[in-house]
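Take a look at the structure below.
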Amino acid sequence: MTDNPPELSLNQDFLCSLDHGETAGALSQWYTITYGLRLRGRLDVGALSAALDDVVARHVLLRTSLRRDEGGWHQHLNSPCPVSLRLQDVGSADSADQAAYDLLDDVEAEPFSHHEVPLLRAVLGRLGADDHVLALMTHHIASDAWSMQVIITDLAACYAARTTGRAPSLPDARQYREFAAWQRAREESWSGVASGYWRERLLGARVHALPADRMLPEGAADPYSVHRFVIGRELTQAAALVARSNRSSLFVVLLAAYNLLASQLTGESDLVVPTFTAGRNEPSFAGVVGPLYNFLPIRTDLRGCGRFIDVIARTRASCLQAFANDIPFPLIQAQAGDLLGPCGDDHLAVSAFEMLPPPALAGIERAGDIRYAELRGRRTSRPIGAGTPKGMLWALDHLRSGEVVGVIRFSRDRFDESTITRIAAQYCQVLSASVAEPTAQLVRS
């Protein structure tokens, strides 16, 4: 469409540096995001299909390809194109709720090449005459968790507009290329932060890694599985109460418990646990669709922590410092050496920890005659494909029910399912014991 495609963002540069083809790495056909909506009411499938197309027309990155030639990676902007909307009956499960979650699991396990345009697809499952589940899937080079919330909000507005014949009540959309230009304009000043705070903060640091069951065979595609576990409402409330009494967030307390577990499993007290931030420190980019998320290493030294409240205080201080210096990870990595692979031991696997953003929806919303709600809290564990880092990624989702669902994506060539199940159980035990008596002396195992 243009002879002068927009410059890649630092985030896109980083993702391209992790390219290992279609079967592994950040550009693989498995590096995707799947979200679901439950739709109740008389659904106009034609209007839904048109609304999906409207979303792709609205957000240019959903129809932008990444291509590589002798000059490196560049973007190719495509004209607006129709979104694949596959219709299928679902209902073989014991309940409609389970059938809806089963569909999301099935869609999540499907490959999605980053060469496919547009980088959004949808599957509509029919649960009943006026009951449907909509699975939305994007490739991670075109979106992140926050972006999925934007897509859902815009899709609802576009659907309502299509069914009423009016223009959607949405503000003009800012594009990802604007974020990339804004980011590049600040690269020099951010480099000063990197060479100052981050060089000193990560001096001598080793990224946190857990002992794996096996070494990954050289050249292997690194298939991964998803293990889910639940932190019950009562335990979550207890953790939130401890967080408030220690001027912390629930995330800080959950990360503090993870730090404590990681120290017990590895014998180390100086931990660098990577997490993810939204990367939207500039409020005007809140409605942008694209990979704005940032990979942020949080270093916490647990030496001298005799009680769980001490671990919380150290973790809180580490988080506040890191978030105050939240700059693109490639600039941090440039000052920290090979932060992602410093272990020198193939029996260790890097582990990252994050908390998913809260739902954009207040509960059940309306779009025209349709009532819709976001589907969160899947409980099933299953194999997927390949494409995540060669280790594990923890993601915690705080549900409206008060529970927290933990999702661990792990390399199944490196870890047995039984190992991950045991580690998840140990985490819940550490969290429970710690919030029950946060001022008690810690017992080191």
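Considering Ser169, Ser245, the condition of being open to solvent by 40 Å² or more (accessible area, probe 1.4 Å), of a type in the set (S, T, N, Q), more than 24 Å from the chain's Cα centre (by Cα) and more than 30 Å from Cys305 (Cβ to Cβ) is satisfied by Ser169 alone. Apart from one condition, Asp102 fits all of (1) in a helix (DSSP H, G or I); (2) over 21 Å from the mean Cα position of the chain (by Cα); the exception is (2).
Among the residues of region 47-57, is any among the hydrophobic types (A, V, I, L, M, F, W, C), open to solvent by less than 40 Å² (accessible area, probe 1.4 Å), closer than 27 Å to Leu331 by Cβ and not in a loop (DSSP other than H, G, I, E, B)? The answer is no; no qualifying residue exists.
Kindly list, by first and then second residue, each pair from a residue in region 199-211 that is within 17 Å of Cys319 (Cα to Cα) and at pLDDT below 90 to a residue that is in a strand (DSSP E or B) and basic (Lys, Arg), limited to pairs with Cβ atoms under 6 Å and residues at least 6 apart or on different chains. As it stands, the answer is Ala205/Arg299, since those pairs meet every condition given.
When you scan region 177-186, do you find a residue that is among the basic types (Lys, Arg), modelled with pLDDT of 95 or more and surrounded by 20 or more Cβ atoms within 10 Å (Cβ to Cβ), even just one? Yes: region 177-186 contains one or more residues that are among the basic types (Lys, Arg), modelled with pLDDT of 95 or more and surrounded by 20 or more Cβ atoms within 10 Å (Cβ to Cβ). Pairing residues of region 34-58 that are under 22 Å from Tyr101 (Cα atoms) with residues that are among the hydroxyl-bearing types (Ser, Thr, Tyr) and not in a helix (DSSP H, G or I), at Cβ distances under 6 Å and at least 6 apart in sequence or on separate chains, gives Leu37/Tyr372; Leu39/Tyr372.
Checking each residue in region 1-20 for being open to solvent by 30 Å² or more (accessible area, probe 1.4 Å) and of a type in the set (Gly, Ala, Ser) picks out only Ser17. Looking across region 130-161, just one residue is aromatic (Phe, Trp, Tyr) and in contact with a helix residue (DSSP H, G or I) (Cβ under 7 Å, 6 or more places away or on another chain), and that is Tyr159.
Matching residues to (1) of a type in the set (Ser, Thr, Tyr); (2) closer than 30 Å to Arg371 by Cβ; (3) touching a helix residue (DSSP H, G or I) at 6+ places or on another chain (Cβ under 7 Å):
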{"position": "Val45", "(1), (2), (3)": "no, yes, no"}
{"position": "Ala57", "(1), (2), (3)": "no, yes, no"}
{"position": "Ser65", "(1), (2), (3)": "yes, no, no"}
{"position": "Gly71", "(1), (2), (3)": "no, no, no"}
{"position": "Pro80", "(1), (2), (3)": "no, yes, yes"}
{"position": "Ser84", "(1), (2), (3)": "yes, yes, no"}
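Sub-9 Å Cβ pairs linking a first residue in region 392-406 that is within 12 Å of Leu235 (Cβ to Cβ) and of a type in the set (A, V, I, L, M, F, W, C) to a second residue that is at pLDDT below 90 and open to solvent by 40 Å² or more (accessible area, probe 1.4 Å), at least 6 apart or interchain, are Val404/Met355, ordered by first then second residue. Reported count of residues in region 393-438, each being open to solvent by less than 10 Å² (accessible area, probe 1.4 Å), in a strand (DSSP E or B) and over 19 Å from Ser249 (Cβ atoms), is 3. If you check Thr164, Thr153 for being open to solvent by 10 Å² or more (accessible area, probe 1.4 Å), under 22 Å from the mean Cα position of the chain (by Cα) and among the hydroxyl-bearing types (Ser, Thr, Tyr), only one passes: Thr153. Scan region 69-84 for residues that are surrounded by 11 or more Cβ atoms within 10 Å (Cβ to Cβ), outside any loop (DSSP other than H, G, I, E, B) and not hydrophobic (A, V, I, L, M, F, W, C) and the total you get is 4.
Is there a residue in region 30-39 that is surrounded by fewer than 18 Cβ atoms within 10 Å (Cβ to Cβ) and either more than 17 Å from Tyr293 (Cβ to Cβ) or over 21 Å from the mean Cα position of the chain (by Cα) (or both)? No, that holds for no residue.
Here's the yes/no breakdown for (1) out of contact with any Phe, Trp or Tyr (no Cβ under 8 Å at 6 or more places or on another chain); (2) touching a residue at least 12 places away in the same chain (Cβ under 8 Å); (3) under 30 Å from Pro438 (Cα atoms); (4) of a type outside the set (Asp, Glu):
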{"position": "Leu235", "(1), (2), (3), (4)": "yes, yes, yes, yes"}
{"position": "Asn246", "(1), (2), (3), (4)": "yes, yes, yes, yes"}
{"position": "Gly290", "(1), (2), (3), (4)": "no, yes, no, yes"}
{"position": "Leu296", "(1), (2), (3), (4)": "no, yes, yes, yes"}
{"position": "Arg299", "(1), (2), (3), (4)": "yes, yes, yes, yes"}
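Against the definition (under 23 Å from Leu120 (Cβ atoms), at pLDDT below 95, open to solvent by 30 Å² or more (accessible area, probe 1.4 Å) and in contact with a Pro (Cβ under 9 Å, 6 or more places away or on another chain)), how does Ala278 come out, yes or no?
Yes; evaluated as a whole, the condition is true for this residue.
Can you confirm whether region 282-290 contains a residue that is under 15 Å from the mean Cα position of the chain (by Cα), at pLDDT 95 or above and more than 17 Å from Ala322 (Cα to Cα)? Yes, because at least one residue in region 282-290 is under 15 Å from the mean Cα position of the chain (by Cα), at pLDDT 95 or above and more than 17 Å from Ala322 (Cα to Cα).
The values are calculated or read from the model by the stated rules, or taken from the named source; none is laboratory data. On a predicted model such as this, the values are computed, not experimentally measured, just so you know. When we count neighbours, we look across all protein chains shown, and the Cβ atoms used for this are built from the backbone with ideal geometry, even at glycine. In case anyone asks, the SASA skips ligands and DNA or RNA and just uses the protein heavy atoms, side chains included. Shrake-Rupley method; radii C 1.70, N 1.55, O 1.52, S 1.80 Å.
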